[in-house]
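The values are calculated or read from the model by the stated rules, or taken from the named source; none is laboratory data. A quick note: this is a predicted structure, and the numbers were derived from the prediction, not measured. Note that each Cβ is placed from the backbone with ideal geometry, even for glycine, and that neighbours are counted across all protein chains shown. These accessible areas exclude ligands, DNA and RNA; they are computed on the full protein's heavy atoms, side chains included. Shrake-Rupley method; radii C 1.70, N 1.55, O 1.52, S 1.80 Å.
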Amino acid sequence: MADNKIFITASIMCANWMHLEADLRALEAGGVDYLHYDVMDGFFCPDYCLGTQIINEIRANTSLAADYHLMIEEPARILDNFQANDGDRLSIHYEACRNLHRDLVRLRQKGFKPGVILNPATPLNAIEYVIEEVDTVTIMTVNPGFKGQKLVPQMIKKIEKLDEWRRKDQLNFQICVDGNVNQDSIPAMVEAGGDILVGGSSGLFLKNRPLAESLAGIKNLVAAGLKLREARVGG
Ligand code: DX5
Ligand code: ZN
């Protein structure tokens with residue numbers, strides 16, 4: 001995908017929960033593309049986060065499309081807890097599914113844009129036989145489970161390799177990057193081929209900085225990254 005539009009998906013678990021509504025309105029006004037809902041089961045990853053009752057409350061009060069990130073073991077068990085609105089994405093982990101292909105097909109039937117997510121240690125060839133079923137491949141640039149972690153640096157190379165594969169085979173999925181998306185990492189992530197960036201605690205929801213300001217900063221970094229990408233692959 002040689003498209004030059006980069007999407008921002010805001011990780012709502014990183015918002016200011018004491019002023020959630022204010023954050024929602026600022027994200028909508030600032031032109032964020034999706035709300036990223038991190039769902040954790042305390043088993044696949046070592047913490048808990050965002051049940052569907054909380055998610056549905058937020059969804060009922062925002063115009064932003066949903067981007068679900070299920071960090072749960074065997075997500076097939078609970079997929080029916082999630083309803084797709086037009087344009088919603090839902091991504092599941094390669095490492096968590098016993099029947100990944102079946103689960104991805106089911107997600108599309110349910111009306112979601114299906115996505116597969118890879119932990120830092122998982123090689124790209126793990127998804128060779130499901131790649132045509134997905135709209136999104138997410139590269140975890142940190143290990144899943146906590147906000148505010150450090151980048152696993154070799155993930156930049158992994159994004160680039162995934163982009164090379166996509167170009168070589170003329171595939172149409174988008175590359176999402178999740179974890180430590182910030183001012184130091186964004187240009188390299190976009191240069192490598194990232195199309196969707198998860199804005200979390202390190203780059204979007206910053207203490208003492210209004211969301212509008214963080215978003216403007218991210219857009220400048222994205223523009224710098226796109227110039228680097230153009231130089232790398234010729235546009
Ligand atoms: C990590 C989550 C991310 C997280 C990233 O497990 O999947 O969505 O919010 O935000 P940072 O790394 O910027 O805190
Ligand atoms: Zn996430």
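A DSSP coil position with no more than 15 other Cβ atoms inside 10 Å describes the following trypsin sites (Lys or Arg not before Pro) in segment 1-110: 5, 98, 110.
Shape analysis of segment 64-140 based on the Cα gyration tensor places the equivalent ellipsoid semi-axes at 19, 13, 12 Å, largest first. Any idea what log10 I(q)/I(0) is at q = 0.13, 0.14, 0.22, 0.24 Å⁻¹ for segment 102-208, Debye with uniform C-alpha scatterers and no solvent? After summing over all Cα pairs, the log10 values are -0.47, -0.54, -1.19, -1.33. In the elastic network of the chain, a GNM with C-alpha springs shorter than 10 Å, the most mobile of 91, 63, 214 is 63.
Two numbers describe the Cα atoms of segment 1-78: Rg and Dmax, which are 13.7, 40 Å.
About its Cα centre, how strong a charge dipole does the chain have in debye, to the nearest 20, once Lys and Arg get +1 and Asp and Glu get -1 at the Cβ? Write out the running numbers ahead of the final one.
Numbers: 25 positive and 31 negative charges, 85 e Å.
It comes to approximately 400 debye.
Here's the list of aspartates and glutamates a cross-link from residue 113 could span, going by alpha-carbon distance under 14 Å and ignoring same-chain residues fewer than 8 apart: 67, 86, 88, 103, 132, 133, 135.
Of the chymotrypsin sites (Phe, Trp or Tyr not before Pro) found in segment 1-100, those that fall in a DSSP loop while having at most 12 other beta-carbon atoms within 10 Å are 43. Of all DSSP bridge pairs formed entirely within segment 1-151, close to 10 percent run antiparallel.
Separation of segment 8-73 from segment 102-121 is 18 Å, based on Cα centroids. Contact order for segment 1-148, expressed relative to its length and based on alpha carbon pairs under 8 Å spaced 6+ residues apart, stands at 18 percent.
Mean residue ellipticity at 222 nm, helices only, the chain: -9500 deg cm²/dmol; runs of at least 4 DSSP H residues each add -39,500 (n - 2.57), and the sum is divided by the number of residues. In loop segments of segment 192-235 as defined by DSSP, the trypsin sites (Lys or Arg not before Pro) with at most 16 further C-beta atoms inside 10 Å of their C-beta are 207. Under 5 Å between amide hydrogens, built in the peptide plane, is the criterion, and for residue 141 it picks out 178, 179 among residues at least 5 positions away or on other chains.
Could I get the Rg over Rh figure for segment 7-233? Both from C-alpha atoms, Rh via Kirkwood, rounded to two places.
Values: Rg = 16.4 Å, Rh = 17.5 Å.
So for segment 7-233, dividing Rg by the Kirkwood Rh gives 0.93.
Accessible area of residue 101 (1.4 Å probe, protein heavy atoms only, ligands and nucleic acids ignored): about 90 Å².
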